[in-house]
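Structure record follows, encoded as structure tokens.
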Amino acid sequence: MALSSTPRQVLGLLGWLGATFAAAALGGFASASAGDFYQQLTRPGWAPPAWLFGPTWTLLYFLMGIAAWLVWREHGFRKARIALSLFLIQLAVNALWSWLFFVWKLGAVAFAEVLILWGLILGTIIAFWRVRPLAGALLIPYLAWVTFASALTYAVWQRNAALLG
């Protein structure tokens, strides 16, 4: 049964969106000057232009925040602890990737980390789906993008071993 009270729901929505976009900002600090570095990298022909990443991630973070809110709304944190904890863990791992790749230039570690992220996202989708199928479905575009990002991370790392240790 969904938690009631409109003010509580609005605050919950703002809280989950806030947490999600806080993680986005943390990753964003690491990639603030990534455009120049990204242009220096040898990329595969199928790599998207740098300008596409911002709008794509903004939409994905918005969907992630809504998904978390739907799960929280259904049961609260206490009764959906596993699903929402998985969400928060994958959010932290997501933010870490930009630091690994763009700041510390650790291509192999960033690739291993994005594979872990992929597994955490899949686990979160399953956990969310069990609570509220729509919440799980809202994360499918995120999993698709991270699948693509995993392949791109590997391809860029392999083409730039000297720059990405």
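In table form, for the structure just shown:
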read-out	value
Equivalent ellipsoid, the range 1-70 (semi-axes from 5 times Cα gyration tensor eigenvalues, Å)	34, 12, 7
Peptides 72-80, 87-95 ordered by average Cβ neighbours within 10 Å, highest first	87-95, 72-80
Protein accessible area in the chain, 1.4 Å probe - carbon and sulfur %	71 percent
Modelled FRET efficiency - R0 22 Å, I89 with L11, Cβ distances, 0.05 increments	0.45
Extension gain from F62 to L115, taking 0.36 nm per residue of separation minus the Cα-Cα distance	16.9 nm
Distance-filtered residues of the range 49-75 - backbone nitrogen under 20 Å, label point 7 angstrom along A22 Cα→Cβ	58-73
Debye equation applied to the C-alpha atoms of the chain, log10 I(q)/I(0) at 0.16 Å⁻¹	-0.88
Inter-part distance where the range 110-141 and the range 8-53 are each reduced to a Cα centre, Å	18 Å
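The values are calculated or read from the model by the stated rules, or taken from the named source; none is laboratory data. Worth saying up front: this structure is predicted, and the values here are computed from it rather than measured. Please note: Cβ atoms are built from the backbone with ideal geometry, for glycine as well, and neighbour counts cover all protein chains shown. Calculation scope for accessible area: heavy atoms of the full protein, side chains included, ligands and nucleic acids excluded. Shrake-Rupley method; radii C 1.70, N 1.55, O 1.52, S 1.80 Å.
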